[in-house]
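Here is the structure we will look at.
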Amino acid sequence: MKTKVTELLGIEYPIIQGGMSWVAEYHLAAGVSEAGGLGIIAAANAPAEWVRDQIQKVKELTDKPFGVNIMLMSDNAEEVAKIVVEEKVPVVTTGAGSPERFMKMWKEAGVKVIPVVASVALAKRMERCGADAVVAEGTEAGGHIGENTTMVLVPQVVDAVTIPVIAAGGIADGRGMAAAYVLGAQGVQIGTYFVVVKESIVHENYKNAVIKAKDIDSRVTGRTTGHPVRALRNQMTKMYLEKEKEGATLEELELLTLGGLRKAVVDGDVINGSVMAGQIAGLVKEEMSCKELIRKLVSETDALIGGNGLYE
Ligand code: TUI
């Protein structure tokens, strides 16, 4: 399954793992890379030295390419941006902002840069400042999201840039992956399904919540604050949405989500925590290894669209 994305990154299959805060640590990243995709460590809001340690641990487990995701709203994004260069990380993905300020440093160091974008405008800006590819992430995705759906965003980004486009948001099987190709993407980024794989260290309660979730079980909090976040509905999302409707202050709302992702991922508190997941959670039915999942995605996609020249 050779595409411009597999060539660019030196990987076997054009499947990259989402940079999920707290979830995307070295066991998962190494598992995805060893299975022929691109594993990602999420720096999120973690201390920079934790990120360095995670990078070194991935290198011990695999010789294959991997990446680090930098959450641009984080206070220590710059420190992590430098660590990526020092540790010779082959690929960086970014989220929740524009990585323009780090681009020159990364390009000079030979780091491949793949910003995650939720709009055509940002995709164009990223191409202009030297991005190697973009992930076009639809609002179906989990976590911090934009407004456009994947169906709408991907073909418009494909038309607007000449660099390869990787589709994200709502993809969890070969049908979604084949659809992404038909829309013009040359790879996919998958988050929600990787939450429940065997290599994922996420608390069992979180995995079970994703596996049990139905199509209508996610909610978007924070639309009024300008930071919309998709998570599975629970006591926290219910209270948050009620308070948002009542016009609560930013401080009041933040109290509800403070440390919420850690609560869910580490402590397994899926009632008060933030159980971030995409709308496609309804399609995620069982826990399997990274290898099994990637093999399943590739064989399903091949059966649908293999051999017709779309993977070029
Ligand atoms: O970044 C994501 N998903 C995320 S980040 C995140 S961290 C977090 N943790 C706890 C609470 C809240 C957030 C969780 N999920 N996806 C990529 C993405 N980027 N989606 C949307 C965007 C985006 C939005 C606006 C990128 C740029 C942007 O504007 C930038 C500009 O300057 O125009």
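The numbers here are math on the coordinates, done by the rules we state, and not lab data. None of these values were measured; they are calculated from a predicted model. Cβ atoms come from the backbone with ideal geometry, glycine included; neighbour counts cover every protein chain shown.
In table form, for the structure just shown:
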read-out	value
Partners for Lys212 among lysines (Cα-Cα distance below 29 Å; same-chain residues under 8 apart left out)	Lys198, Lys238, Lys243, Lys245, Lys263, Lys285, Lys291, Lys296
Rounded if a/c under 1.5, otherwise prolate or oblate - segment 152-307, Cα gyration tensor axes	oblate
Segment 245-256 - phi-based ³J(HN,Hα) in whole Hz, Karplus 6.51/-1.76/1.60, Gly and Pro as x	5, 7, x, 4, 6, 4, 4, 4, 5, 5, 4, 6
Segment 118-154: GluC sites (Glu not before Pro) in DSSP coil with no more than 16 other Cβ atoms inside 10 Å	Glu147
Order of Met151, Met276 - criterion: other Cβ atoms within 10 Å of each residue's Cβ, fewest first	Met151, Met276
Percent RCO, i.e. relative contact order, over the chain, from Cα pairs under 8 Å lying at least 6 residues apart	17
Amide hydrogen neighbours beyond the local backbone of Arg233, cut-off 5 Å, H modeled	Ser218, Arg219
Segment 114-148 and segment 164-189: distance between their alpha carbon centers, rounded to Å	14
Packing-based exposure ordering (other Cβ within 10 Å, fewest first) of Arg223, Arg125	Arg223, Arg125
13 Å Cα-Cα reach of Lys207 towards aspartates and glutamates, excluding residues that sit fewer than 8 places from it in its own chain	Glu199, Asp267, Asp269, Glu286, Glu287
Burial ordering of Thr225, Thr162, fewest other beta-carbon atoms within 10 Å first	Thr162, Thr225
Lysine pairs meeting the criterion (Cα under 22 Å, 8 or more apart or interchain), as found in segment 29-174	21
Karplus 3J(HN,Hα) series, Hz, for segment 164-176 with 6.51 cos²θ - 1.76 cosθ + 1.60 (x for Gly, Pro)	x, 10, 10, 8, 8, x, x, 10, 8, 8, x, 5, x
